2 protein chains.
Amino acid sequence: MKSDLPEIMKQANLDALLITGPTRHNAAMTYFTGSVHVGQADLLVPRGEDPILVFHNPMEREEASSTGLRTKNSDAYKPMELLEKSGGDPLKAIALRYQLMFEEFGISGRVALYGKVEAGPLLTIIRYLEKLLPNVKIVGENNLNSTLIRARATKDEYEIEQIRDIGKSTVEVVSRVAELLKSSPVKGNILQDREGESLTVGKVKNRINLWLAELGAENPHGTIFAPGRDGGIPHNTGQANDPIYTGTPIVFDIYPCQSGGGYFYDFTRTWCVGHAPDEVQQAYEDVLDVYNQVSEAIKPDTLCRIYQDLTCELFEKKGHATIRQNPSLTSGYVHSLAHGVGLEVHEGPYFRSAESNHDMVKKGSVVTIEPGLYYPERGFGIRIEDTVQVRPDGNLEILVDFPKDLVLK
Amino acid sequence: MKSDLPEIMKQANLDALLITGPTRHNAAMTYFTGSVHVGQADLLVPRGEDPILVFHNPMEREEASSTGLRTKNSDAYKPMELLEKSGGDPLKAIALRYQLMFEEFGISGRVALYGKVEAGPLLTIIRYLEKLLPNVKIVGENNLNSTLIRARATKDEYEIEQIRDIGKSTVEVVSRVAELLKSSPVKGNILQDREGESLTVGKVKNRINLWLAELGAENPHGTIFAPGRDGGIPHNTGQANDPIYTGTPIVFDIYPCQSGGGYFYDFTRTWCVGHAPDEVQQAYEDVLDVYNQVSEAIKPDTLCRIYQDLTCELFEKKGHATIRQNPSLTSGYVHSLAHGVGLEVHEGPYFRSAESNHDMVKKGSVVTIEPGLYYPERGFGIRIEDTVQVRPDGNLEILVDFPKDLVLK
């Protein structure tokens, strides 16, 4: 969590962070500012000191100030003079501003760069800056294991309540979708809408988007609502024009975020409307049993990857092929057990089984648990997923609970 | 437009473009792929040749293929072998893959970098790549004037229809908001909702978001719905808890995009519910007259900045202060007349009056026209904005028209 940052920066031999871009939909920046709307800014984080937010639009003074951070208006660096000094090169003028900022706040040495921004101009700015300040080295860390990703891999109380908050909206929408499916009339074995036409995957997704908007959530990555064979391919999100059949399992994976690109939630249920075929019921029980056993096993201060191994072992015992036997597997248990959830829907800690993966489960981890089985050739997939926290007492807590019934009726 | 790209690349002495990141919410990539959903990819654009899309997830083969581009699965470069060759450094492994890609497709020389991505890791990858390929120079162009921004500054027929398409949804929502305001009961001089409570700015914005979602649009940058003094500050988006008064002008600026981060539309009306104060009516007529005069003046193959000068001149004649007299002006005509609209809500051509601004109005330009007057100290602001195209015959066309009445009743 944020309070670990000085120690993690020390381990990475970093003297400061430089984070650039908007405050929203830009996780590294949002981590410090919250989802306040500042269109363009730079954040300096000297190791062990309070961050400084340099905002670029004087009209955003109040928003900048509401972050609670030390703030500075970039007009103070006289951008027109810098542009003249740069010979009319706007990217060099920005580098000159960074030089002034670094000098003012005593920043030198190794500075890690963050920000989800258009990469080209920034590359040029960094090249200028390193020429202007030979005692500064701008460092670009690996996304999966960077200083900020390591800090963000455990959450403080405020963050956990933010995730629970978006979780409540998520599960409310899930509950409304369940009601919609249960209450839809059936013609033959096809669900109908109120107009007496087929209730398609696309229509359900439209309702999901409306309900999320109504609850103030955003849905930047879309939703998986994938019946039958499509549910058997983990990345398939479902075809808009497909009807919904009774007795065909639907993988429903929903992962919205707070308005403005704040915290995410990640949640999956697999449902059969009316009744479930025996082979689906059997596979579902296998997934649920693995979910329960793995949930009981997870303890703080252990390596994440041992739970991926455990999941594979449990599935193999039940007769299912797993990805540890064959990395290109498409039938059986084909993905990883879990991942961290926070300002990005996928973030550390990661649960890949690679021995190079040293990510740990810790108190304050917020992670998914999402075992699944995929049999596209048999026309189905199954996944059960909750977002959980590892509480200060070491126990797991599902942040927002919802029944795990396969059959909706 | 896209067909101008080889010539613009030649002028910029570029041999290729390298665009990285997802296909959505990443304008440089979306420009070539459309809003197909490919999570992670690299696009190579050799000058004068067809682009090649290298996608990273084999499960996204069908989506990649539906772009109509030449495609290649990055698995073909054997990422596990590259990781081993890199000594376990994932960023170096990506640089090694770029090396193979550049060699396979004959790319060398000056290559411009694009993509809205986390900047740190890419910086490291580029440093490795330039060491691996000394005959390659990765170039980061200035965002306001880059090769792609220059190509995108004129639109082909397909793009204009995309912008008109999101324009129709935008104006449909505007029309619903007008109906909502006209049909709301009034208590004293405050608008009421159906529950007999105040109809607040926040409630109107919620309805806007719902309606946009219903029409399949996204609203990544929010909406300005700013009554009274707030409308007098161009960047103020309106306070959620503020009530809506009759006789107080509201600046309503709405700028959604197609689902998945496609094309934008940009539209503003200023409304008074019931009646308008005389001074507001007078200022409104000044803005409308300037809007009409400037719209008539705009012709293809002219410098954009002359229309900013014209706008200032017209407002000054009517007795209003303008930004060309004082760059820090907060009262009068305080911003720029217009900007291009496309895959970003603000893009070239730009209408800044600076002599260094050589952007041109051309056939195929899609731009806003948005004169306004701001008097926060008198409790109001006014702006009228449409998105227009410069047609092949040289005439201006409002893409989706809507009445320009100040008073709603």
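Just so it is clear, none of the values below were taken in a lab; they were calculated from the coordinates. Keep in mind that this is a model prediction, so the values were computed, not measured. Reconstructed Cβ throughout: ideal geometry from the backbone, glycine too, with neighbour counts over all protein chains shown.
Which one of A:Leu191, A:Ala213, A:Ala112 has its Cα pushed farthest toward the positive end of the charge dipole of the stretch A:111-214, where Lys and Arg give +1 and Asp and Glu give -1 at the Cβ? The one lying farthest along the dipole's positive direction is A:Ala112.
Multiplying each eigenvalue of the alpha-carbon gyration tensor of the stretch B:31-130 by 5 and taking the square root yields semi-axes of 21, 16, 14 Å, largest first, rounded to whole angstroms. Averaging the sequence gap over all C-alpha pairs within less than 8 Å and six or more residues apart, then dividing by the number of residues, gives the stretch A:2-150 a relative contact order of 24 percent.
When chain A is treated as a Gaussian network with alpha carbon springs shorter than 10 Å, the biggest mean-square fluctuation among A:Pro300, A:Pro371, A:Pro220 belongs to A:Pro220.
Taking A:Gly88, A:Gly48, A:Gly332 in turn, the Gaussian network model of chain A (Cα-Cα springs below 10 Å) assigns the largest fluctuation to A:Gly88. With a threshold of 19 Å on the Cα-Cα distance, the over-threshold entries among B:Lys116/B:Lys363; A:Lys116/B:Lys131; A:Lys116/A:Lys155; B:Lys187/B:Lys409 are B:Lys116/B:Lys363; A:Lys116/B:Lys131; A:Lys116/A:Lys155. Between A:Thr71 and A:Leu53, the built amide H atoms are under 5 Å apart, and every one of these is 5 or more places off in sequence or on another chain. Annotation note: GluC sites (Glu not before Pro) in the stretch A:190-241 located in DSSP loop regions with a Cβ neighbour count of at most 10 within 10 Å are A:Glu195.
Taking the Cβ of B:Val345 as the center, what net charge do the other residues with Cβ under 11 Å away carry, scoring Lys and Arg +1 and Asp and Glu -1? Write out the running numbers ahead of the final one.
Numbers: positive: none; negative: B:Asp253, B:Asp266, B:Glu344, B:Glu347.
Value of the local net charge: -4.
Each of A:Leu18, A:Pro90, A:Leu123 was scored by the projection of its Cα onto the charge dipole of the stretch A:2-150, and the greatest displacement toward the positive side belongs to A:Leu123; charges sit on the C-beta of Lys, Arg, Asp and Glu.
Only Lys, Arg, Asp and Glu count, each charged at its Cβ (+1, +1, -1, -1), so figure out the dipole size of the stretch B:2-150 about its Cα centre, rounded to 20 debye.
Numbers: 17 positive and 18 negative charges, 61 e Å.
The calculated dipole for the stretch B:2-150 is roughly 300 debye.
Taking all C-alpha pairs of the protein assembly as shown, those more than 38 Å from each other amount to 44 percent. What is the distance in Å between the Cα centroid of the stretch B:43-88 and that of the stretch B:163-205? Taking the Cα centre of each part, the stretch B:43-88 and the stretch B:163-205 sit 47 Å apart.
If N is the number of residues in chain A, what value comes out of its Cα radius of gyration divided by 2.2 N^0.38 Å?
On the way: Rg = 24.1 Å, N = 409, 2.2 N^0.38 = 21.6 Å.
Compared with the compact-globule rule of thumb, chain A sits at 1.12.
Taking Cα pairs under 8 Å and at least six residues apart, what relative contact order does the stretch B:154-408 come out at, in percent? So the answer I get is 23 percent.
In the elastic network of chain A, a GNM with C-alpha springs shorter than 10 Å, the most mobile of A:Thr71, A:Thr124, A:Thr170 is A:Thr124. State the Cα centre-to-centre distance between the stretch A:229-267 and the stretch B:346-402 in whole Å. Cα centres, the stretch A:229-267 to the stretch B:346-402: 40 Å. One Cα centroid belongs to the stretch A:13-37, the other to the stretch A:132-153; the line between them spans 13 Å. Other residues lying with their Cβ under 15 Å from the Cβ of B:Glu60 contribute a combined charge of -2, Lys and Arg counting +1, Asp and Glu -1.
Here the 3J(HN,Hα) profile of the stretch B:211-222, calculated from phi with Karplus coefficients 6.51, -1.76 and 1.60 at θ = phi - 60°, is 5, 4, 4, 4, 8, x, 9, 10, 9, x, 10, x Hz, Gly and Pro shown as x.
Only bridges with both residues in the protein assembly as shown count here: give the DSSP antiparallel percent, nearest 5.
Numbers: 95 of 125 bridges.
So the antiparallel bridges in the protein assembly as shown amount to around 75 percent.
Among DSSP beta bridges whose residues both lie in chain B, state the antiparallel percentage, nearest 5. Walk me through the intermediate numbers first.
Numbers: 46 of 61 bridges.
So the antiparallel bridges in chain B amount to around 75 percent.
Charge dipole of the protein assembly as shown (Cα centre as origin; +1 on each Lys and Arg Cβ, -1 on each Asp and Glu Cβ, all else neutral): 780 debye, rounded to the nearest 20.
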